[in-house]
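Read through the structure below, which is laid out as structure tokens, and then see the notes.
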Amino acid sequence: MNGPYLWVRTLILGLVALSAGANRMSSHLPSEINVSRRLRQSGDPILPAGGFGEGERDSEEPLGEKEVLRRILEEKEELLSRIGTLERANRELTLANSVIDRAPSDGRIGNTRPADCADHFVMGANRSGIYEIYPFTCLCSEPLRVYCDMETDGGGWTVFMTRQPADVPLGFNRSWSEYRSGFGDASGEFWLGNAHLHTMTSSREYALRMDAHLASGDVKFSAWNFFRVSTEVDRFRLSLSAYSDESTSRSNCLPNVNGRFFTTYDRDYDETTGNCAVTQGGGFWHYLCSNPVHPTASRSEGLTSACFSNQQDAAVFLQLKIRPVICGTSVKTIFLNANDCNKCP
């Protein structure tokens with residue numbers, strides 16, 4: 001067993017041991033009442049000033065009972081917080097381990113199906129390409145075909161937009177309904193669909209990454225640690241924040257999209273008197289038609305930007321992709337969709 005299975009199991013064993021020890025410690029932590037009672041009944045000298053674990057200092061003034069009690073309780077609360085974090089991580093990783101143990105050779109896990117490319121990754125997939133995902137409440141629905149990037153920054157990325165050179169370029173000046181359902185082919189230029197983006201990002205917390213291959217030969221990326229798409233009733237409002245300082249772009253290429261509604265040529269929800277989708281040539285979370293780069297615009301109108309580098313440079317290849325963010329940035333652990341197809345009508 002290797003790959004993602006090995007490090008998941010290793011992390012599980014470590015956290016189980018830590019959590020078990022922490023639970024034993026928690027059961028022996030003194031309560032506020034017990035600490036107070038012991039201090040009143042004990043004839044032992046009060047701990048010296050300067051904190052706990054630093055040894056006795058007879059030359060310093062002794063602490064009062066309330067100060068000793070306060071410090072003990074503060075340390076207790078800090079330890080309990082750490083115990084809680086370990087217990088949550090232990091439960092989640094144990095669940096992931098039990099799911100992996102049931103994984104058959106064909107990549108399916110019982111009645112559970114992958115909700116995104118990260119699920120495929122944790123089940124052992126390590127090659128970029130077309131995969132089927134089931135980002136639905138009821139998994140009896142037909143799967144979506146998406147392109148999974150299993151190599152960039154550790155893999156597990158679900159690509160939801162691709163712009164690339166083509167003999168017949170795909171037009172992105174599409175209607176509201178087309179952007180809602182998606183269009184194009186995942187093996188080439190395409191848009192996954194706003195309704196699918198909402199379903200996916202409402203069940204997990206996702207990060208966004210934009211990769212740009214420039215005409216100059218440079219490769220740049222921008223990353224944000226929070227990405228969510230709201231409902232159609234809310235006009236697919238975008239929440240985008242926490243621009244990553246690991247980004248290699250010269251600046252934030254999408255500084256004005258947070259909190260914006262989606263706009264198409266037949267649904268104008270931007271903040272201008274005109275329609276940015278009409279003037280730029282593609283639907284997006286427009287504000288004042290002033291984003292440094294417009295990913296869905298015609299190439300002449302939107303894929304050239306100074307946000308990539310110190311001079312105006314055109315993107316000949318552009319991708320937008322998302323990946324779950326779980327357990328922080330240091331431990332990128334992916335868990336499988338627990339929906340059960342047997343529960344479908």
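Yes or no, residue by residue, for (1) modelled with pLDDT under 95; (2) of a type in the set (D, E, K, R); (3) surrounded by fewer than 16 Cβ atoms within 10 Å (Cβ to Cβ):
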site	(1), (2), (3)
Thr199	yes, no, no
Met210	no, no, no
Leu214	yes, no, no
Asp218	yes, yes, yes
Ala223	no, no, no
Phe227	no, no, no
Arg237	no, yes, no
Ser241	yes, no, yes
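Please tell me if Thr162 is surrounded by 21 or more Cβ atoms within 10 Å (Cβ to Cβ), of a type in the set (Val, Ile, Thr) and within 23 Å of Leu240 (Cα to Cα). Considered against the rule, which asks whether it is surrounded by 21 or more Cβ atoms within 10 Å (Cβ to Cβ), of a type in the set (Val, Ile, Thr) and within 23 Å of Leu240 (Cα to Cα), Thr162 comes out as yes. Restricting the search to the stretch 268-277, which residues are farther than 20 Å from Arg228 by Cβ and either touching a residue at least 60 places away in the same chain (Cβ under 8 Å) or charged (D, E, K, R) (or both)? Answer for the stretch 268-277, where residues must be farther than 20 Å from Arg228 by Cβ and either touching a residue at least 60 places away in the same chain (Cβ under 8 Å) or charged (D, E, K, R) (or both): Asp268, Glu271, Ala277.
Is it the case that some residue within the stretch 208-230 is in contact with a Pro (Cβ under 7 Å, 6 or more places away or on another chain) and charged (D, E, K, R)?
The initial filter retains those residues of the stretch 208-230 that are in contact with a Pro (Cβ under 7 Å, 6 or more places away or on another chain), namely none.
No, because not a single residue in the stretch 208-230 is in contact with a Pro (Cβ under 7 Å, 6 or more places away or on another chain) and charged (D, E, K, R).
Going residue by residue through the stretch 69-77, is there one that turns out to be modelled with pLDDT of 80 or more, crowded, with 17+ Cβ neighbours inside 10 Å and among the β-branched types (Val, Ile, Thr)? Yes, there is a match, as at least one residue in the stretch 69-77 is modelled with pLDDT of 80 or more, crowded, with 17+ Cβ neighbours inside 10 Å and among the β-branched types (Val, Ile, Thr). Going through (1) farther than 15 Å from Leu320 by Cα; (2) at pLDDT 95 or above; (3) in contact with a strand residue (DSSP E or B) (Cβ under 6 Å, 6 or more places away or on another chain) one by one, Arg180 falls short only on (3). One residue stands out among those in the stretch 151-207 that are charged (D, E, K, R) and assigned to a loop (DSSP other than H, G, I, E, B): the one that is nearest to Ser239 (Cα to Cα), which is Glu205.
The values are calculated or read from the model by the stated rules, or taken from the named source; none is laboratory data. As the structure is a computational prediction, the values presented were derived from the model and not from experiment. Positions of Cβ are generated from backbone atoms using ideal geometry, with glycine treated the same way; all protein chains shown enter the neighbour counts.
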